[in-house]
1. Would you say LEU484 is outside the structural domain of GLY370 (by TED's automatic domain parsing) and either in a helix (DSSP H, G or I) or crowded, with 18+ Cβ neighbours inside 10 Å (or both)?
2. Scan segment 441-458 residue by residue and report those that are in contact (Cβ under 8 Å) with a residue 24 or more places away in the chain and either of a type outside the set (Lys, Arg) or in contact with a Ser or Thr (Cβ under 6 Å, 6 or more places away or on another chain) (or both).
3. Report yes if THR65 is crowded, with 24+ Cβ neighbours inside 10 Å, among the hydroxyl-bearing types (Ser, Thr, Tyr), at pLDDT below 90 and more than 22 Å from GLU212 (Cα to Cα), otherwise no.
4. Regarding SER507, is this residue assigned by TED's automatic domain parsing to the domain that holds ALA557 and either surrounded by 24 or more Cβ atoms within 10 Å (Cβ to Cβ) or among the polar types (S, T, N, Q) (or both)?
5. Can you tell me which residue is farthest from the chain's Cα centre (by Cα) among those in segment 123-139 that are in contact (Cβ under 8 Å) with a residue 40 or more places away in the chain and under 22 Å from GLU259 (Cβ atoms)?
6. Hey, can you tell me all the residues within segment 468-480 that are closer than 16 Å to ASP500 by Cβ and buried (at least 22 other Cβ atoms within 10 Å of the Cβ)?
7. Would you mention how many residues in segment 408-450 are within 25 Å of ASP40 (Cβ to Cβ) and assigned to a strand (DSSP E or B)?
Amino acid sequence: MLETLDAAAVHRWCGAGLAALRAHQHEIDELNVYPVPDGDTGTNLVLTLTSAQEALEEPPDAPETGDTAEPGPDGTLLGPVMRRMARGALLGARGNSGVIVSQILRGMADTFATAVSVRGAELATALRTASEAAYAAVARPVEGTVLSVAAAAAEGAGGIKSDDLLAVARAAARAAAEALARTPQQLPVLAHAGVVDAGGRGLVLLLDALVEALSTTAADGKPASPATATTVPVPGELPDGGFGYEVQFLLDAEPAAVEVMKRTLDGLGDSLVVVGTGEGRPPTWNVHVHVDDIGAAIEAGIVAGRPHRISVNRLEDRIHDHAHPHATHPDPGTQAEPGAGAGDENLLEEHAETGGWETGDRGAVVVAAGEGLTSLFVDEGTVVVGRNPSTAEMLAAVAQTGARRVVLLPNDANTHAVAVSAAQEAAAAGTRVVVVPTRSPVQALAALAVRDSQRRFDDDVIAMAEAAGACRYGEVTTAAREALTVAGRCHPGDLLGLIDGEVNVISGGPEDGTASDAALADVSRRLLDRMLGGGGELVTLVLGADAPAALEETLRAHLAQAWPFVEVQCYTGGQPRYHLLAGVE
């Protein structure tokens, strides 16, 4: 049993945690409350921890200034080892769950870097910092998710009146397991499905692995004994309330003033994101919120400090969505660039003096799967990265553009967090990356269609974001498991028509999971009718890898008869899982 955490224990912890996640990977992937077959939380966590372990196996860095911890028995400093693990997790993070776990590790690494020795009290402090980092990584924290589990672990560790390292770790793991069991009571969607949170499940396994690593030595280390649990969606995938406008700005302000502003903005609206760079005097923050009262939101920023690069966008159709496609998300890791957002004309002159009018040296990175879609995006002059990329893969694609200013189009809610992490990492290398949070390839096509290299970069990003936001997206896929949706109960093999991520159409399918061409055409027609019921002039159809040859002709004929004034574009995308992608502008 260890009295202080050392580098060797971190290696054992990472290895045992990875082994536990691998042992339960399929279980976590399979137990998913959503009918769309995208349950990959277990896989994403395994890939994230694999990257962390690979980073630990690299040659150690030279000791950095500020590393005050005592060397371990082998002379290795704890701080650099923990930082390598956290950075490896960040670069390999996939999906929201992977990003959140990487932030937890990063929070712990920041605490360990300045600790002379890591005993029980320091571990409790690190877990509290990790919980705060996890909450900061999510647009609007949702209780009953991995965030609740992380917070409970920190509270459990802080409640131990002892400096015993193992006792604190056990208290954290026990509190995390208890919190995981409570998640169905906090989120009704979990209770309906009879499952607990997927990200929280992974965190419990990691904390159990930490206990095991501290209970053994390098000579007799044993794999962790994971606790039992089940899984559900990660935070950020649950819809929030609707408000009329999105307000976003950069803010130079002191942390205490920012905390007051956050409470004010939280009372005004939802989808609140406040991320600090930690640099500058005062520090610069990226503020994003959905509100009805624009003036009150901007006034809260003025009270806190100096807001700049202010942008206001109308949330058309009051889309019931936690990360509205209008958001431009300027990279919070970059130095604040004086400039003007939409309608901020008083700052145009200042922006021109900083070189913001430059139009060249730009790139775009798009996430896509399918030969046809890949070809479409390449023809648009973008670099394409495959489905479910890691942070490192995103960064490689950004570098491949050779540009200093790059737009990322993630095309999936679960990839958005990875894109934001890549943007933050790219900023450190001097590349400005802006994430336009597209949820579907059809939104990316709409955004790229209005791209204009002759415009100022900020204006071009706003135009792309507005085009993506004006494009409603639909999908036709096959349900992988039984679930209760807003359109009713579905069963494995049913065809599902989704609009903006919400199930709207269900058509019964055979038990073997295959659907007839007639059933696919019927669901597709009903889906398009519902999408066009709210208006539209242009319909974009992207046929999947298994779409029948006659589907395009069938849908064109239906649209010509039912919606004769609508223009139709159709592409063979070849994408897996989705028989049809549809966009209405």
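1. Working: outside the structural domain of GLY370 (by TED's automatic domain parsing): yes; either in a helix (DSSP H, G or I) or crowded, with 18+ Cβ neighbours inside 10 Å (or both): no.
Taking the combined requirement at face value, the residue does not satisfy it.
2. The first filter runs over segment 441-458 and keeps only residues in contact (Cβ under 8 Å) with a residue 24 or more places away in the chain, leaving 441-448, 451, 453-458.
Answer for segment 441-458, where residues must be in contact (Cβ under 8 Å) with a residue 24 or more places away in the chain and either of a type outside the set (Lys, Arg) or in contact with a Ser or Thr (Cβ under 6 Å, 6 or more places away or on another chain) (or both): PRO441, VAL442, GLN443, ALA444, LEU445, ALA446, ALA447, LEU448, SER453, GLN454, PHE457, ASP458.
3. Numbers: crowded, with 24+ Cβ neighbours inside 10 Å: no; among the hydroxyl-bearing types (Ser, Thr, Tyr): yes; at pLDDT below 90: yes; more than 22 Å from GLU212 (Cα to Cα): yes.
Against the criterion (crowded, with 24+ Cβ neighbours inside 10 Å, among the hydroxyl-bearing types (Ser, Thr, Tyr), at pLDDT below 90 and more than 22 Å from GLU212 (Cα to Cα)), THR65 does not qualify.
4. Values: assigned by TED's automatic domain parsing to the domain that holds ALA557: yes; either surrounded by 24 or more Cβ atoms within 10 Å (Cβ to Cβ) or among the polar types (S, T, N, Q) (or both): yes.
Yes: the conditions hold for SER507.
5. Residues of segment 123-139 that are in contact (Cβ under 8 Å) with a residue 40 or more places away in the chain, as a first pass: 123-124, 127, 136-139.
Now drop any that are not under 22 Å from GLU259 (Cβ atoms), which leaves 127, 136-139.
Working: LEU127: 22, ALA136: 12, ALA137: 8, VAL138: 8, ALA139: 9 Å.
Checked segment 123-139; the qualifying residue farthest from the chain's Cα centre (by Cα) is LEU127.
6. Filtering segment 468-480 down to residues closer than 16 Å to ASP500 by Cβ leaves 468-477.
Hits for segment 468-480 are ALA468, GLY469, CYS471, ARG472, TYR473, GLY474, GLU475, VAL476, THR477.
7. 4
Conditions (1) under 26 Å from ARG387 (Cα atoms); (2) of a type in the set (A, V, I, L, M), marked per residue:
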{"site": "ASP522", "(1), (2)": "no, no"}
{"site": "ARG530", "(1), (2)": "no, no"}
{"site": "LEU543", "(1), (2)": "yes, yes"}
{"site": "ASP546", "(1), (2)": "yes, no"}
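The values are calculated or read from the model by the stated rules, or taken from the named source; none is laboratory data. Model, not experiment: these values are computed from the prediction. Heads up, the Cβs are rebuilt from the backbone with ideal geometry, glycines too, and the neighbour counts pull from every protein chain shown.
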